[in-house]
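> Handing you this structure, nothing more for now.
What follows is calculated from the coordinates using simple rules that are stated; it is not laboratory data. It should be emphasised that the depicted structure is a prediction, and the values quoted were computed from it without experimental measurement. Note that each Cβ is placed from the backbone with ideal geometry, even for glycine, and that neighbours are counted across all protein chains shown.
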């Protein structure tokens, strides 16, 4: 399963909120990343969609940072990604916050007709990756959460 530009830009939320389709590098940098690891790939900035919603219930939701369209054979999925690049100690990551981000993001995407992939990606800095993997596996074992580096994200999904 790999990134699909067409699936990303044709997602119903992308059509409803075209101004929140952003270059992944921009989202990465705003969330604390350095450099330009991607080319011209885009994602839906879920934080901006949530924050600009006219619905106060949606504005108070927690959300993953972005969603990208994925394709495997003829099957299309949405992949939820959250950047934890400002995290200095993964032990302080709240299980409730992570679960809420997944649950609320799935609510935002509900009704789009596109399945949300059953893996949820959290991006950490390389130096915290091993600890982050242990913490997420203990706290979110049933949520199928993956702690990845930005390089892992690129090699697995792009």
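> With a Cα-only, solvent-free Debye model of the stretch 36-107, what are the log10 I(q)/I(0) values at q = 0.26 Å⁻¹?
These q points yield log10 I(q)/I(0) values of -1.21.
> State the extension gain, in nm to one decimal, for the chain segment bounded by residue 134 and residue 9, taking 0.36 nm per residue of separation less the distance between their alpha-carbons. Don't skip to the end; give the middle numbers.
Values: separation 125, 0.36 × 125 = 45.00 nm, distance 3.42 nm.
That pair, residue 134 and residue 9, stretches by 41.6 nm at full extension.
> If you count, for each residue, the other Cβ atoms within 10 Å and average over each peptide, how do 18-31, 48-61 line up from highest to lowest?
Answer by packing, highest mean first, reads 18-31, 48-61.
> What are the semi-axes of the equivalent ellipsoid for the chain, taken as the square roots of 5 times the Cα gyration tensor eigenvalues, largest first, in whole Å? It would help to have the intermediate numbers written out before the result.
Working: eigenvalues 101, 65, 48 Å².
Values for the chain, descending: 22, 18, 16 Å.
> Defining a contact as two alpha carbons under 8 Å apart and six or more residues distant in sequence, what relative contact order in percent does the stretch 2-157 show?
About 22 percent, as a whole number.
> Moving on. Counting each DSSP H run of 4 or more residues in the chain as -39500 (n - 2.57), what helix-only mean residue ellipticity at 222 nm follows after dividing by all residues, to the nearest 500 deg cm²/dmol? Before the final figure, lay out the partial values.
Details: 8 runs with 61 residues, N = 158.
After summing the helix terms and dividing by the residues of the chain, the value is -10000 deg cm²/dmol.
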